[in-house]
Amino acid sequence: MGFLSVAADLMDAYLQAEPIGHRQSQQLGHFTFPTALEWLRTDDVIRLAPKWSSGEAARRRAFFSRWPTRDAFLADAVVYALLREQPEIPTQRHAGDTSMSQLIGHVTEDLLTSLVQHPRSYLVLHLGPLLPRHPELTRALSPGSHEATRAWLRLYHMLSDQHDLVLRPEWTFKRLASVLQAMLDGFVLRYRLRPGGHPRHSWKEANILADAVVALLLGAVDWNLSGQSGREALDSLT
C-alpha cells in the first residue's frame, strides 16, 4: 500500500548515516527527532503518498478510514518496513585451502558489511526496547534473525565438517548462535557510533569481530576432547 511504502521510505531516510541524494535531503530537512519515531508524521506520509486525481483531501480520507489514529498506523508501518526488504546475507566465500581463521574473517566481514549498509539494521536496534510490549514486531523481525542464524549455521557446519568440532558440555549451537548474533548486533551499533571523522571504508570493526568470534570458539569448542566445561578448563589453567 502506498502509505506504508512512504512510511518505510521515510524510516530508511532517517536511519541512513547520511541522506542519499537530493530527494532524501528534502524529506529530512524539517524533521526533528526527539524520541523514537516521533518524527514520523501522518501529514508527511499523506503528502508524500502517490498522487491521486481526486487530490490530497481524498488521500487523507483514505488514510484515516484505514487507520483512525497515528499509533494504529505506526504499528503497521513498522511491521511493513521490517518485512519489506531484509539485508542480504552473503554466501560464504572460501577456497579449499582457506584456514579456519581466514574463513571466520571472511564471514564476519561480509556479514557486518552487509548489515551496516542497510538502514533496516538500525531500525531493529532503534525499536529493540519496544519488543516485549509489541509481539507483532517480534514476529516481523523473525525472518531477518533467521537469515543471520542460517549464516552462522553455514559457517559452523563448514568448520565442523573440516575439523570435526565438539562443543563443550554447556554449549549448544543455538546458544552459540545467540551469542554470535548478540556480538554482531553490538558491532553494528558500534559502527554507527564511530567518530564522524573516521573514513567509512577504513574501519577495523570487522577485524575486531573476527577476533571476538575466534576467542569465543576457543572457549566454546572442546579442542582437546577433555569433556570439561569452559569454566573448568579455565580454572585448570590458572
(request) Considering each of 8, 72, 77, 58 in turn, give the residue that is at pLDDT 55 or above and more than 26 Å from the chain's Cα centre (by Cα). (result) 58
(request) Answer yes or no: is there a residue in the stretch 33-41 that is in a helix (DSSP H, G or I) and either modelled with pLDDT of 65 or more or over 26 Å from the mean Cα position of the chain (by Cα) (or both). (result) no
(message) I need the helices (runs of 4 or more DSSP H) fully contained in the stretch 123-238, keeping only those with at least 3 residues that are surrounded by 14 or more Cβ atoms within 10 Å (Cβ to Cβ), of a type in the set (Phe, Trp, Tyr) and at pLDDT 65 or above.
(response) 173-192
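The values are calculated or read from the model by the stated rules, or taken from the named source; none is laboratory data. What you are looking at is a predicted structure, and each value in this text was computed from that prediction instead of being measured. We place every Cβ from the backbone using ideal geometry, glycine too, and count neighbours over all the protein chains shown.
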